[in-house]
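Visitor: Have a look at this one before I ask anything.
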Amino acid sequence: MKESFVDKIEEAVKEIEAGSSAEIVVSVRQSSASYRELDLLWSLIFALGVLAYKIWSPYYFHPDWILINVLFCALFGFLLSSKIAPMRRVFLTSGRRESETTKTAQSEFVRLGVSRTSGRTGLLILVSRLERKLVMIPDQALDHQIVPTLWEEWHRKFGTASSDEELLSGLMELLQSLRGPLSRQLPRTDNDVNELPDRPVQVAE
């Protein structure tokens with residue numbers, strides 16, 4: 001992610017916290033799981049594809065080279081899938097995307113200390129780029145101050161994207177949408193202290 005865009009996210013978080021006692025943490029990850037089984041699936045597809053070609057091709061192939069070719073193509077398929085996100089998305093179901101991003105968001109909520117603010121007003125926003133998912137996990141006080149229908153509306157509007165560009169622009173729109181409700185429901189106090197980092201945390205999977 002470009003530094004200029006990271007700066008924009010940080011500035012948007014600072015603007016929210018300037019008028020609210022909420023503590024926003026944005027975690028941006030390349031993916032929420034390793035998905036090695038998807039790479040292995042592509043490896044199998046490549047291997048079976050070349051094996052089928054060797055068997056039914058009208059051309060003659062020396063038997064000694066068939067196994068080598070199959071193994072090479074299997075390795076090639078594995079490496080290709082591990083580097084090219086659209087290949088993984090072919091077999092990545094919506095249910096799997098939802099479950100993996102939710103688990104990762106819950107883990108990040110604890111790892112990044114969002115649950116340790118003095119007023120329990122933390123909010124984790126996870127952006128998972130492979131899955132093109134955005135997940136919010138609010139702490140207790142913040143969750144109780146915002147009506148459930150508003151959380152549902154934000155999830156419906158920004159939770160899933162069809163492209164990386166839409167995902168990141170949706171993040172910026174979400175941050176803008178949070179300003180008003182958070183400043184009204186959790187106004188900043190005179191003794192408010194910034195307890196969590198404003199700059200997005202980037203994790204490469």
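Visitor: Of these, G119, G77, which one is closer than 30 Å to L186 by Cα and not aliphatic (A, V, I, L, M)?
Guide: Step by step, each of G119, G77 is checked, and only G119 is closer than 30 Å to L186 by Cα and not aliphatic (A, V, I, L, M).
Visitor: Provide a single number: the residues in segment 145-199 that are part of a helix (DSSP H, G or I) and not aromatic (F, W, Y).
Guide: Qualifying residue count for the region: 31.
Conditions (1) more than 16 Å from G19 (Cβ to Cβ); (2) surrounded by 13 or more Cβ atoms within 10 Å (Cβ to Cβ), marked per residue:
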{"position": "S162", "(1), (2)": "yes, no"}
{"position": "E165", "(1), (2)": "yes, no"}
{"position": "S177", "(1), (2)": "no, yes"}
{"position": "R184", "(1), (2)": "no, no"}
{"position": "E195", "(1), (2)": "yes, yes"}
{"position": "D198", "(1), (2)": "no, yes"}
{"position": "V201", "(1), (2)": "yes, yes"}
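Visitor: Also, I was wondering about something else. Output the helices (runs of 4 or more DSSP H) that fall wholly within segment 9-104 and possess 1 or more residues being touching a helix residue (DSSP H, G or I) at 6+ places or on another chain (Cβ under 9 Å), modelled with pLDDT under 95 and surrounded by fewer than 14 Cβ atoms within 10 Å (Cβ to Cβ), or say none.
Guide: Because the criterion is at least 1 residues that are touching a helix residue (DSSP H, G or I) at 6+ places or on another chain (Cβ under 9 Å), modelled with pLDDT under 95 and surrounded by fewer than 14 Cβ atoms within 10 Å (Cβ to Cβ), the helices (runs of 4 or more DSSP H) in segment 9-104 that meet it are 36-56, 63-83.
Visitor: From the list I55, I45, I9, I68, pick out the single residue that is closer than 30 Å to N191 by Cβ and among the aliphatic types (A, V, I, L, M).
Guide: The match here is I9.
Visitor: For segment 113-139, what are the residues that are closer than 16 Å to G95 by Cα and either part of a strand (DSSP E or B) or at pLDDT below 95 (or both)?
Guide: Passing the criteria: S128, K133, L134, V135.
Visitor: In segment 163-202, which residue that is touching a residue at least 60 places away in the same chain (Cβ under 8 Å) and hydroxyl-bearing (S, T, Y) is farthest from K14 (Cα to Cα)?
Guide: Going through the qualifying residues, I end up with T189.
Visitor: Pairs only if they're at least six apart or on different chains, beta carbon under 9 angstrom, first in segment 62-78 and over 11 Å from S43 (Cβ atoms), second basic (K, R); list them, first residue then second.
Guide: If the second residue must be basic (K, R), the pairs left are W65/K54; I66/K54; N69/K54.
The values are calculated or read from the model by the stated rules, or taken from the named source; none is laboratory data. These numbers come from a predicted model, not from an experiment. Please note: Cβ atoms are built from the backbone with ideal geometry, for glycine as well, and neighbour counts cover all protein chains shown.
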